[in-house]
Structures are given as C-alpha cells and as structure tokens.
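Reading through the structure tokens given below for one structure.
The values are calculated or read from the model by the stated rules, or taken from the named source; none is laboratory data. Just so it is clear, the model here is predicted, and its values are computed rather than measured. Virtual Cβ from ideal backbone geometry, glycine too; neighbours counted across all protein chains shown. Protein only, heavy atoms only, side chains kept; ligands, DNA and RNA dropped before computing areas. Shrake-Rupley method; radii C 1.70, N 1.55, O 1.52, S 1.80 Å.
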Amino acid sequence: MTEPVRRAGVFALLGTLSLAVPLFGPRVAAALAAVVLLGAFVVTDGPVFDLLAYPGDYEDGRLYGLITFVLAGVALGLIAAQSSMPTAVFVGTVFLIGYGNVGERLVRTRTDRDVVHATVFCLAATAAAVVGQAAALGLAGVPIEPDAPTILFLAASGALLAALLRDVLLLYDDPVVMLSVGFLLWLLAELDPTLGTAEIAVALAVTVALGYVSYALETASIAGMLTGVLLGLLTIVLGGYGWFAVLISFFAIGGLSTKFRYDQKEDLGVAEENNGARGTGNVLGNAAVGLVAVLGYAASSADLLPVESTLFLFAFAGSVATAMSDTLSSEIGSVFETPRLITTLEPVEPGTDGGVTWQGEIAGLVGAGIVAVISYGLFPEVGPVGAAIIVAAGFVGMTVDSLLGATLEGSLLGNQGVNFLATLSGALVCALLVLSLAIFG
C-alpha cells in the first residue's frame with residue numbers, strides 16, 4: 001500500500017468519528033475533535049508525522065492537511081448543531097470526502113487516466129455518503145427507508161460536486177471541498193425532493209450516460225462533463241425531465257456546433273481550445289443562471305419563496321435560449337464573411353469580441369427558436385405567446401453578449417462573465433415580459 005493510500009485511509013477513519021455526533025452528542029464529538037487537533041499540533045516528526053503529512057507539511061513541520069481537514073469537519077458539525085442542517089448531511093459529507101479520497105488514491109496506483117480517477121472517486125464517494133447518512137439516521141432512531149431517495153440524491157450530488165471541485169482545485173483543498181459540499185447538500189435537503197429511489201437512479205443513469213458521451217465526443221473536458229452531469233441531475237430531480245430536455249438541447253446542439261468547420265475555425269484563430277471540449281467555466285457561464293432558476297422553481301414549489309413558480313420556468317427557458325443563440329451565432333457565424341463590430345458596424349477581424357455577422361444572427365434566432373419550440377411542446381404554461389417571448393429573450397440576451405463583448409470583455413470581464421451576464425439578461429427579460437403580460441395583459 002502506497003503512502004498516499006495509507007494517509008487517505010487514516011483521514012477516512014478519522015472522518016468516521018463524525019458518527020460521534022448522532023451517537024454521543026456534539027459535546028463528546030467536539031472533545032474527540034480537540035484531541036485529534038492537539039495531536040496534529042504536537043506531532044512534528046517521526047513515523048506518525050510521515051504517515052499523515054502531505055509533501056508541503058514538511059517545510060514547517062506541521063500537519064496542516066490534517067488540521068484543516070479536522071477544522072472543516074468541526075465547522076460543519078457546529079453548523080449542524082446550531083442550525084437546520086441535518087446531522088445526516090454533516091456525517092454524509094465527511095464520509096464522502098474521506099472515503100472518496102481512498103477510492104481515488106487506490107485507483108491512482110493502477111492507472112494514470114484522469115477520467116478513471118474521477119469516476120472511481122464519484123462511485124466511492126456516493127457509496128460512502130449513502131452509508132454515512134444511513135448510519136446517522138439509524139443511530140438517531142430515524143427510519144431509513146422513507147428517506148432512501150433523498151439519501152441517494154444527496155450522495156450523488158455531493159460526490160459530483162466534490163469531484164468537480166477537486167478537478168479544478170488542488171488535491172490538498174479537501175477543507176474547501178468539504179464545506180462547499182456540505183452547504184450544497186444542506187440546500188438540497190431543504191428543498192425536499194419528492195422523486196422515488198428508482199426515479200433518482202434513472203435520472204442519475206441518464207445524466208451520467210450523456211455526460212460520458214459528451215466526453216467521448218470531445219465536446220466537454222472532464223470538468224465540463226462533471227459540471228454537466230451535476231446540472232442535469234439537479235435539473236431532472238428539482239424540475240423534471242421537461243426542464244432537462246431544454247437544457248440538454250443546448251449542451252447537445254451547442255457542443256456539436258463547436259465541431260462545425262472546426263479546421264477552418266482553427267485557421268481563422270476562432271476555434272474553441274482543447275479541440276472544442278468545453279470546461280467548467282464555459283458550462284457554468286452558460287448554465288449557472290438556469291441552475292439558479294431550477295433551484296428557485298423548487299424553492300417556490302416547496303413554499304420557501306413567495307414567487308410564482310412559472311416565472312422561474314420562463315427565466316430558465318430565457319437563459320437557455322440566450323446560451324443557445326449566442327453559441328450558434330458565434331460558432332456558425334464565425335466561418336462566414338468578415339464580421340462587423342456591433343457598436344460601430346466597422347469590419348473587424350474574425351474572433352474579435354463583439355463582432356457579428358448576419359449569418360450568425362440568423363443562426364442565433366434559430367437557436368432561440370429551437371428552445372422555444374421544445375418549451376412549447378413540453379410545458380402547457382408556455383403557449384404560442386410564451387414561445388414568442390422565449391425567442392425574443394434569447395435574441396436580446398445574444399445581443400447583450402455582443403454588446404458586452406465589444407465594450408467590457410477583456411478589460412473588466414472575461415468570456416465566462418460575459419456569458420453569465422448575457423444569460424442573466426435573457427432570463428430577466430423573459431420573466432419580466434411574462435409578468436408584465438400577466439399584470440397588464
């Protein structure tokens with residue numbers, strides 16, 4: 001057994017002490033954590049230090065990795081003791097990080113393929129989170145079977161987020177990952193998803209399969225794949241398959257559009273990097289607003305927000321229509337005649353931020369129309385007028401993207417920031433038009 005595997009195993013066993021909260025109460029758990037922290041400060045060399053130390057710990061002779069890991073667990077435990085965070089979420093999160101690391105470290109001894117590392121981490125972390133939540137509920141005398149769907153959903157969502165954060169952060173950033181996962185699972189637990197275990201499993205299988213296809217076709221990087229799978233899972237469980245169909249239409253058509261005349265785009269210098277594979281920043285820049293709309297819809301449906309849930313549906317459709325419009329406009333329009341700057345209509349070089357072509361504008365309208373047609377077919381609330389509003393919102397968002405590109409991109413905003421603000425504008429325009437129609441219509 002290699003040193004990283006042994007260290008991960010010890011960290012996981014220490015994480016198992018989180019069961020002291022439901023078993024003995026927070027005071028005993030805090031005392032155990034204090035003992036571990038004291039030991040981490042006292043041990044500065046020797047075989048125990050060598051067992052627990054990350055490479056960077058040797059410089060100062062301090063077990064910083066262990067100290068921060070325990071402190072993150074203590075912070076989550078205190079939040080669970082003083083707030084509405086379920087103890088099962090706290091225990092499940094600590095188990096997820098600890099035993100997910102063990103699984104990943106083990107597989108690293110067998111293969112160098114990053115996609116295999118991420119996959120094994122997700123599987124081990126999901127299983128560990130299920131066990132941790134179930135154990136916490138069992139020790140508290142709470143029946144496990146009624147909560148089984150929620151346990152699986154939270155475990156899978158947490159594992160995907162943890163794998164994603166570990167891919168974009170450092171391997172030693174487990175405290176950041178632990179706190180981020182804990183807060184996400186707390187939020188999702190508050191939304192109280194109502195799907196059954198079989199439905200959750202099907203949703204997970206569908207999103208994982210489509211995520212792997214996107215990676216295999218090189219339309220998404222590993223981080224982009226993990227982001228897409230997480231977004232898809234949350235969309236299905238909290239919104240429904242109709243919402244997922246709208247979202248996946250963007251990922252599928254937008255991803256394939258990056259391959260349109262890719263060699264020509266490379267010659268022009270306007271091709272997406274990494275052979276067109278989209279990463280986390282690109283995925284989140286285009287889908288973050290849609291995810292917030294899904295969460296808002298779920299919160300509204302659970303009476304946690306005093307806002308009509310239909311507005312979140314249209315905000316979601318408007319954001320996706322914008323993302324689709326902008327992606328098709330840039331990916332298809334960039335290979336045609338010389339673009340013109342949207343603010344002055346002066347000819348500019350291909351790839352210039354804010355440059356537009358008439359072919360790209362038409363492609364963008366078609367993209368918004370695709371989202372509108374899918375929404376019209378799947379949601380009775382949309383109707384013909386609603387579909388027209390979605391197209392208009394997509395066009396407005398696409399135009400905002402071009403205007404921001406011509407004025408602020410590069411100086412104040414990056415590409416992901418521009419995408420986020422554009423999709424936000426599309427979402428707001430769509431929701432406000434629907435609201436205005438309801439008030440004055």
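In this structure, does G367 turn out to be small (G, A, S) and more than 16 Å from A427 (Cα to Cα)? The answer is no for G367. Does V89 fit the bill of being open to solvent by less than 10 Å² (accessible area, probe 1.4 Å) and of a type in the set (A, V, I, L, M, F, W, C)? Here the answer is yes, as V89 does meet what is asked. Would you mind stating whether T399 is open to solvent by less than 20 Å² (accessible area, probe 1.4 Å) and assigned to a helix (DSSP H, G or I)? So T399 fails the test.
Every condition in (1) farther than 17 Å from G255 by Cα; (2) assigned to a loop (DSSP other than H, G, I, E, B) holds for V335 except the one numbered (1). None of R108, R113, R62 is without any contact (Cβ under 8 Å) to a residue 12 or more places away in the chain and basic (K, R) except R113. Flag: D45 matches the condition of being loosely packed, with under 13 Cβ neighbours inside 10 Å and charged (D, E, K, R). Does A53 fit the bill of being over 19 Å from A162 (Cα atoms) and crowded, with 23+ Cβ neighbours inside 10 Å? It is false that A53 is over 19 Å from A162 (Cα atoms) and crowded, with 23+ Cβ neighbours inside 10 Å.
Within the stretch 405-441, the residues that satisfy the criterion of being open to solvent by less than 30 Å² (accessible area, probe 1.4 Å) and either closer than 14 Å to S325 by Cβ or among the acidic types (D, E) (or both) are G405, V418, N419, A422, T423, S425, G426, A427, C430. Restricting the stretch 7-42 to residues that are closer than 22 Å to A135 by Cα and open to solvent by 80 Å² or more (accessible area, probe 1.4 Å), which is nearest to the chain's Cα centre (by Cα)? The extreme case among them is L13. Residue count for the stretch 331-378, restricted to those that are of a type in the set (G, A, S) and open to solvent by 60 Å² or more (accessible area, probe 1.4 Å): 1. Residues that are open to solvent by less than 30 Å² (accessible area, probe 1.4 Å) and of a type in the set (S, T, N, Q) were ranked within the stretch 119-144; the one that is nearest to A156 (Cα to Cα) is T126.
For the stretch 206-261, name all the residues that are touching an Asp or Glu at 6+ places or on another chain (Cβ under 7 Å) and open to solvent by 50 Å² or more (accessible area, probe 1.4 Å).
F260
Of the residues making up the stretch 166-180, those that are among the hydrophobic types (A, V, I, L, M, F, W, C) and modelled with pLDDT of 85 or more number 4. Checking each residue in the stretch 54-69 for being not in a loop (DSSP other than H, G, I, E, B) and not aliphatic (A, V, I, L, M) picks out P55, G56, D57, Y58, Y64, G65, T68, F69. Say whether the condition of being more than 23 Å from D192 (Cα to Cα), surrounded by fewer than 24 Cβ atoms within 10 Å (Cβ to Cβ), touching a Pro at 6+ places or on another chain (Cβ under 8 Å) and in contact (Cβ under 8 Å) with a residue 12 or more places away in the chain is met by at least one residue in the stretch 71-80. Yes, the stretch 71-80 contains at least one residue that is more than 23 Å from D192 (Cα to Cα), surrounded by fewer than 24 Cβ atoms within 10 Å (Cβ to Cβ), touching a Pro at 6+ places or on another chain (Cβ under 8 Å) and in contact (Cβ under 8 Å) with a residue 12 or more places away in the chain.
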